[in-house]
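The values are calculated or read from the model by the stated rules, or taken from the named source; none is laboratory data. What you see is a predicted model, and the numbers here were worked out from it, not measured in a lab. Please note: Cβ atoms are built from the backbone with ideal geometry, for glycine as well, and neighbour counts cover all protein chains shown.
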Amino acid sequence: MSRPELQAPPEIYYGDSEAVKYTKNTRNQQIQADLTYRALELLNMPPDQSAFLLDIGCGSGLSGEILDEEGYVWAGVDIAPSMLEVALEREVEGDLFLQDIGQGLGFRPGSFDGAISISVLQWLLNAETSHHTSAPPHRLHRFFTTLHSALRNPSRAVFQFYPTSDDQIQLITSTAQKAGFGGGIVVDYPNSKKARKVYLCLFVGGGGGQQQVPAGLNEEAMDDDSVRFERRRQRERARDRSGKRKKVMDKEWILKKKELYRQRGKEGVPRDSKFTGRKRKATF
Ligand SMILES: C[S@@+](CC[C@H](N)C(=O)[O-])C[C@H]1O[C@@H](n2cnc3c(N)ncnc32)[C@H](O)[C@@H]1O
């Protein structure tokens with residue numbers, strides 16, 4: 001079976017039935033969660049601070065759910081109405097925007113403290129019509145220049161994606177650099193057929209000094225099950241270090257998050273009460 005991005009444009013491929021099938025698949029849920037945790041590790045946000053993140057190609061919210069869990073406020077963009085419909089039905093916390101990132105993002109300069117994108121960028125490498133504006137270099141350029149402006153200085157954007165050649169990686173990194181980003185490619189488990197993952201780690205500004213591209217994970221002698229286990233262990237250690245997970249239900253954190261939502265004009269934010277900060281019921 002050929003790769004999804006070669007079969008149809010994303011908004012067609014992720015139609016009603018595929019959007020539901022993709023979201024309900026427990027293997028997808030696990031994979032997207034693992035990739036999001038690793039992207040957050042590479043994003044390296046300062047601990048103990050609320051932050052507003054952009055989830056690029058948020059789909060039905062599998063990646064966004066991890067952002068919620070880790071205590072971030074987020075907004076998501078996606079081109080597929082059916083995926084966003086499922087995200088709405090699942091009552092994800094992020095604000096959702098129907099947008100083709102290849103036409104550029106429409107956010108105000110400096111809107112986000114960081115961005116992640118999980119399993120999306122490869123979709124921009126396929127032209128959908130013969131018009132020059134649908135050629136990948138043109139779409140990548142529009143996307144990266146508008147993303148650069150939508151991010152704060154300094155900040156990071158981390159993309160996990162599935163390239164099929166070095167030429168694709170080269171096109172993506174050089175276009176991002178032309179748009180003003182620093183950074184580069186991080187490859188985890190380069191020698192494992194199944195566990196190998198490619199991340200593009202981009203920097204806006206340097207905060208006075210040059211930012212170093214993080215090292216990829218590399219467990220030479222591990223089989224794929226051990227790699228998965230090791231990654232989970234690393235995540236848990238990182239979580240213990242930052243203490244973010246504990247903070248999610250913390251009263252001060254929830255008040256801050258509500259205030260942020262109110263400032264951004266979100267409707268229906270519950271009023272603060274003496275119960276704020278207690279454990280929520282699961283919403284689905
Ligand atoms: C494999 S899904 C990943 C969704 C989500 N990030 C996750 O982790 O579950 C890829 C998503 O990229 C979106 N996408 C592809 N091309 C896009 C574009 N040009 N603009 C916005 N979203 C796009 C698709 O609609 C789809 O929801």
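The table for this structure:
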{"item": "Region 23-53, subset in contact with a helix residue (DSSP H, G or I) (Cβ under 6 Å, 6 or more places away or on another chain) and farther than 24 Å from Val186 by Cβ, residue surrounded by the fewest Cβ atoms within 10 Å (Cβ to Cβ)", "result": "Ser50"}
{"item": "Residues (in a helix (DSSP H, G or I) and touching a Pro at 6+ places or on another chain (Cβ under 9 Å)) located in region 128-158", "result": "Ser149, Ala150"}
{"item": "Residue among Glu18, Glu41, Glu85 that is part of a helix (DSSP H, G or I), under 13 Å from the mean Cα position of the chain (by Cα), at pLDDT 95 or above and of a type in the set (D, E, K, R)", "result": "Glu41"}
{"item": "Residue match in region 133-142 (condition: touching a strand residue (DSSP E or B) at 6+ places or on another chain (Cβ under 8 Å) and either of a type in the set (S, T, N, Q) or crowded, with 23+ Cβ neighbours inside 10 Å (or both))", "result": "no"}
{"item": "Residue in region 130-137 that is within 14 Å of the ligand (Cβ to nearest atom), modelled with pLDDT under 95 and either over 22 Å from Ser165 (Cα atoms) or in contact with a Gly (Cβ under 7 Å, 6 or more places away or on another chain) (or both) present", "result": "yes"}
{"item": "Residues being over 19 Å from Gly64 (Cβ atoms) and away from the ligand (no atom under 12 Å from the Cβ) - total across region 1-43", "result": "6"}
{"item": "Odd one out for Gln103, checked against (1) within 22 Å of Gly180 (Cβ to Cβ); (2) more than 9 Å from the ligand (Cβ to nearest atom); (3) touching a residue at least 12 places away in the same chain (Cβ under 8 Å); (4) surrounded by fewer than 16 Cβ atoms within 10 Å (Cβ to Cβ)", "result": "(2)"}
{"item": "Residue in region 196-209 that is more than 24 Å from His141 (Cβ to Cβ) and either modelled with pLDDT of 75 or more or of a type in the set (A, V, I, L, M, F, W, C) (or both) present", "result": "yes"}
{"item": "Residue that is farthest from Leu35 (Cα to Cα), among those in region 69-93 that are away from the ligand (no atom under 13 Å from the Cβ) and in contact (Cβ under 8 Å) with a residue 60 or more places away in the chain", "result": "Glu91"}
{"item": "Test for Ala150: is it surrounded by 19 or more Cβ atoms within 10 Å (Cβ to Cβ), in contact with a Lys or Arg (Cβ under 8 Å, 6 or more places away or on another chain) and modelled with pLDDT under 95", "result": "no"}
{"item": "Residue in region 112-124 that is assigned to a strand (DSSP E or B), closer than 22 Å to Tyr162 by Cα, in contact with a helix residue (DSSP H, G or I) (Cβ under 7 Å, 6 or more places away or on another chain) and within 11 Å of the ligand (Cβ to nearest atom) present", "result": "yes"}
